[in-house]
Amino acid sequence: MTMIRTLWLRFTDKIDTPLFALAFALLLLGIITLASAAHETPARVTGQAANILVALGMMWAVAQFQPQTLMRFALPAYALGLALLIAVALFGEVVNGARRWLNIGVTRIQPSEIMKIAMPLMLAWYFHKHEATLRLRDYLVASLLLAVPVLLIARQPDLGTALLVTAAGFYVIFLAGLAWKVLIGLALAGCASLPFLWSLMHDYQRRRILTLLDPTSDPLGAGYHIIQSIIAVGSGGLVGKGWLKGTQAHLEFIPERSTDFIFAVYSEEFGLIGNCLLLLLYLLLIARGLTIAANAPTFFARLLAGAVTLTFFTYVFVNMGMVSGILPVVGVPLPLVSFGGTALVTLFLGIGILMSIHRHRKLVQT
Amino acid sequence: MRLAEFKDHQRELYYFQLRIGIAGVFVLAAFSLLLLRLVYLQVVQYDYYHTKAEDNRISIVPIMPNRGLILDRSGTVLARNYSAYTLEISPGKVADLENTIDELAAIVEIRASDRTRFKRLMIEAKGADSLPIRTRLTDEEVAKFAVNRYRFAGVDIQARLFRQYPLNEMASHLVGYIGRINDRDVERIEEADLSANYKGTDHIGKTGLEQSYESELHGITGYEQVEVDSGGRGVRTLSRTSPTSGNNLVLTLDIKLQEVAEEAFGENRGALVAIEPSTGGILAFVSMPGFDPNLFVEGIDPASWDLLNTSLDRPMVNRALAGTYPPGSTFKPYMALAALELGKRTPQQTIHDPGFFQFGNHRFRDDKVGGHGTVDMYKSIVASCDTYYYMLGNDLGIDNIARFIGQFGFGAKTGIDVEGEATGVLPSQEWKRKRFRKPEQQKWYAGETISVGIGQGYNAYTPLQMAQAMATLANNGVMFRPHLVNYIENIRSGERTPVKPKVERAIALKAENVEFIKRALGGVNTEGTGARAFAKAEYTSAGKTGTAQVVAMKQNEKYDEKHVTERHRDHALFIAFAPLDSPKIALAVVVENAGFGARAAAPIARQVLDYYLLGKRIDKPAPEVPADDDDD
């Protein structure tokens, strides 16, 4: 008995209970919503359960590492990610008009996904290495390390991932203490370069932005999805239509309703009250992540934990903003809720990193 | 050193935590924004989006009522419905129409003509929910499509009721046809505030009874509330209000009589209207040639349409209703009655007919060379003496003629219950003033009255008007409004709403004058121009032949049938009623370009009367009877 207890304690030693409890609650809501959204394809629910098990395994594994070990992965992971991105640009497979996939014989992989973790890891490592002598030059180098993969991803094109990788990298740079005046200058320059960015965009990307500004301009085309999605959210009302009773969802008015637009299904069936619960869970999870970051022992750990947490927040905000019609449609899933194994694994790797940093904070304190 | 490092470390941590704090504030702000947006959508705008979602979800599907049937007086069906499967495309829900049709063609047969018809429908029926690409699918085709249905969003099989006219060309002008609702129909429907009742209705009466009794035939549209998915396909029914079928029309028409009349025409063009004098009920209503109304129901193909439209025989014209013809000598009995009533002649008064009437420099020629000699009123009708009526016309004056004869309905719409009636021309001084613009054309010349006297000149009437006048005379001056529908039958309740005979007017006529004219018309069929056609008739009858010039003859030119092209030959006319004492039927026949009325029109009248009064039936065109010299 005691042995089992000891084993269990050993097993759960590195698991942060609040973080795990929050993530688990979100997974639960996700599975419940998925059961409704994918009621015609129940295989998705079992598939997602399998994804969850794999992702939790990854989380557990990562949580066992010490942050110093993680630091060692930084450069190889980044280099591998970059190499694969270049390979995609050269030999990638085109699916639905985007060159995102790389066929490595046994399976296809999406290297841009690796960058979601590799990017903050790399930048945090870089800043940690130059911690004592941080100068503007270091920020420029970091920006370059960020820009190259982002441009490769954006060219695929994969706006959603490019956005998340940019966010992850930017959070590291921001937390590393980039001067405010530089930040403000960048913001102004960014605004000024909007027309230039516009000219770089693909037609469908421009259309998404125009559609956001006025969905009714194209009610049957690009605007249709967003209109139907907003109707689903709005018609949910205060308490929602009830589980399995969302008409927009079940009559197939909501596009991508088990993946990127699952929030529309959730909103329709559980209403504003459900949304408040969801926002609260996310907020607590993010708060926990930021607390871990604030209390992390090393510069590397702080930057990594902060960036991972804020990237998680970016997922939430971009996805909900898109579904509720205040942000353009970009392919960002609702973290821990949307169906999809890759995103789940990436997210739990992040949570695993947070746990690793939290559990090993005393060991490295010098 | 250590202290400085420690301090530095502390500062660094402080700055980091500050930035984390700022990020936290940013997160809170972003979440607040999301929350505000969600409150706005789910609370403030809830009603709006709730309605939107319901509109998405619930589709009001109209259920078309069965269109009422059209039956003749004895219950023979002239227009009915049958159910068949159609393959329909909702153009608004199909992205690539051409491609979709191509793919459909791989499953069910779609001919080139189906495609052209579909395109025409797309143009004509803008805004229609769904349009048929194929009609009358076989069971096999239905099954084939059903298997592949998932591949075709916006395409579906519908069980539809189709209109069918089982008698094809028979009585086609009278029954009319229905066709797809077009822009003009939509306007009319909207004006009449009937849009709701026409949701789901694709067809509307276009001509004939189908058009004029549209409101009775259509019925009341039912509704079904159906939950639909984003592809527009019904998932389940929420509620249903059944449609109410349209009412049946039961006509006064006797379809067997119609058949006899149409067959009597043979290959000839023309019109015949037979009326029951005591009610105004139409017994037969013929316009030859006819057309097949079935061609129009699902949109006529361009080739057939061209054929019908460009044919010299003009089969689409309802001659009985909209064709106007000079009455020729069939005008004479009314002229004679006018003379009696207005005291311009007595029956005994005679004239001498030298074969012409001299008016100034102009010589109005009688048909009979050398003239009829001494002619009283009886003989003037029986032998159809032109000179008598040239003189009479001159004596009466155009306005007296117009005033008296107008009472019989000449030159005025009868008010029959189908649309498209022509007015015709009852010439008078006032008419000419209105008709022409130049002052010299507006003036009425006395010489013009003389031609009017024998039913020529400006005179132009529809066969319906001629039949109505005959019926009025037969009925001693009491005129009924002609009508085709006997009663309207509510299918569900069985309730019958009769169309009551409506007395249009009762013309004040002296009984002895009417009796005299009737006797003279009887004489026509026993000893006059109609005698040959009515030889050995087993009933008494009244009749009057007429021959109407199509092209004006020069003064001294003798009309020679053989030398006139077919289309310029005279029209043959005949008016009749029978039996003489208690008329049961009155009719008017016009046979276009057939020459003498006695020869071509009277035999048709004979066949119709034989069938109606005796039930005798000869299933072949009426034989032409040889003309006497004094025919006209």
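Checked against (1) more than 23 Å from B:Glu298 (Cα to Cα); (2) buried (at least 20 other Cβ atoms within 10 Å of the Cβ); (3) acidic (Asp, Glu), B:Asp229 passes all but condition (2). Would you be able to say whether some residue in region B:266-280 is among the β-branched types (Val, Ile, Thr) and over 30 Å from B:Pro603 (Cα atoms)? No, region B:266-280 contains no residue that is among the β-branched types (Val, Ile, Thr) and over 30 Å from B:Pro603 (Cα atoms). Scanning region B:36-57 turns up no residue that is touching a residue at least 40 places away in the same chain (Cβ under 8 Å) and either in a strand (DSSP E or B) or more than 14 Å from chain A (Cβ to nearest Cβ) (or both). One residue stands out among those in region B:4-33 that are at the interface with chain A (Cβ under 7 Å from one of its Cβ atoms) and surrounded by fewer than 19 Cβ atoms within 10 Å (Cβ to Cβ): the one that is modelled with the highest pLDDT, which is B:Ala30.
Taking region B:405-459 as the region of interest, the helices (runs of 4 or more DSSP H) fully inside it that hold 2 or more residues being among the polar types (S, T, N, Q) are B:439-442, B:446-453. Restricting attention to region B:579-616, the residues that are without any contact (Cβ under 8 Å) to a residue 24 or more places away in the chain and touching a strand residue (DSSP E or B) at 6+ places or on another chain (Cβ under 9 Å) total 0. Can you find a residue in region A:246-261 that is more than 10 Å from every other protein chain (Cβ to nearest Cβ), of a type outside the set (A, V, I, L, M, F, W, C), in contact (Cβ under 8 Å) with a residue 24 or more places away in the chain and assigned to a helix (DSSP H, G or I)? No, every residue in region A:246-261 fails to be more than 10 Å from every other protein chain (Cβ to nearest Cβ), of a type outside the set (A, V, I, L, M, F, W, C), in contact (Cβ under 8 Å) with a residue 24 or more places away in the chain and assigned to a helix (DSSP H, G or I). Residues in region B:202-237 that are within 14 Å of another protein chain (Cβ to nearest Cβ) and part of a strand (DSSP E or B): B:Gln225, B:Val226, B:Glu227, B:Val228, B:Gly234, B:Val235, B:Arg236. Does B:Pro333 satisfy the criteria of being out of contact with any Cys (no Cβ under 9 Å at 6 or more places or on another chain), farther than 30 Å from B:Phe296 by Cα and either β-branched (Val, Ile, Thr) or touching a residue at least 40 places away in the same chain (Cβ under 8 Å) (or both)? Here the answer is yes, as B:Pro333 does meet what is asked. Between B:Arg37, B:Arg73, B:Arg57, the distinction of being over 40 Å from the mean Cα position of the chain (by Cα), over 29 Å from B:Val226 (Cα atoms) and buried (at least 16 other Cβ atoms within 10 Å of the Cβ) belongs to B:Arg37 only. For region A:54-69, state whether one or more residues are outside any helix (DSSP H, G or I), over 17 Å from A:Leu146 (Cβ atoms) and over 20 Å from the mean Cα position of the chain (by Cα). Scanning region A:54-69, I find at least one residue that is outside any helix (DSSP H, G or I), over 17 Å from A:Leu146 (Cβ atoms) and over 20 Å from the mean Cα position of the chain (by Cα), so the answer is yes. Report whether or not B:Lys93 is within 12 Å of chain A (Cβ to nearest Cβ), out of contact with any helix residue (DSSP H, G or I) (no Cβ under 9 Å at 6 or more places or on another chain) and charged (D, E, K, R). So B:Lys93 fits the description; yes. Consider region A:232-245 and keep the residues that are within 22 Å of A:Val316 (Cβ to Cβ) and part of a helix (DSSP H, G or I). The one that is farthest from the other protein chains (Cβ to nearest Cβ) is A:Ala232. Restricting B:Lys413, B:Lys368, B:Lys379 to residues that are free of Cβ contacts under 8 Å to residues at least 12 places away in the same chain and either farther than 18 Å from B:Thr472 by Cβ or in contact with a strand residue (DSSP E or B) (Cβ under 9 Å, 6 or more places away or on another chain) (or both) narrows the list to B:Lys379.
Filtering B:Leu161, B:Leu194, B:Leu121 for residues that are in contact with a strand residue (DSSP E or B) (Cβ under 8 Å, 6 or more places away or on another chain), surrounded by 13 or more Cβ atoms within 10 Å (Cβ to Cβ) and outside any helix (DSSP H, G or I) leaves a single hit, B:Leu161. Can you tell me which residues in region B:192-241 are free of Cβ contacts under 8 Å to residues at least 60 places away in the same chain and of a type in the set (Asp, Glu)? Listed by number, the residues that qualify are B:Asp193, B:Glu214, B:Asp229.
Restricting attention to region B:65-76, does a residue exist that is within 14 Å of chain A (Cβ to nearest Cβ) and either in contact with a Ser or Thr (Cβ under 6 Å, 6 or more places away or on another chain) or not in a helix (DSSP H, G or I) (or both)? No, region B:65-76 has no match at all. When each of A:Phe300, A:Phe317, A:Phe312 is tested for being of a type in the set (Phe, Trp, Tyr) and within 9 Å of another protein chain (Cβ to nearest Cβ), the lone residue that passes is A:Phe317. Only a single item in (1) within 20 Å of A:Ile357 (Cβ to Cβ); (2) modelled with pLDDT under 90; (3) assigned to a helix (DSSP H, G or I) is not met by A:Gly160, and it is number (1).
The values are calculated or read from the model by the stated rules, or taken from the named source; none is laboratory data. Note that this is a predicted model, so its numbers are computed, not measured. Backbone-built Cβ (ideal geometry, glycine too); neighbour counts: all protein chains shown.
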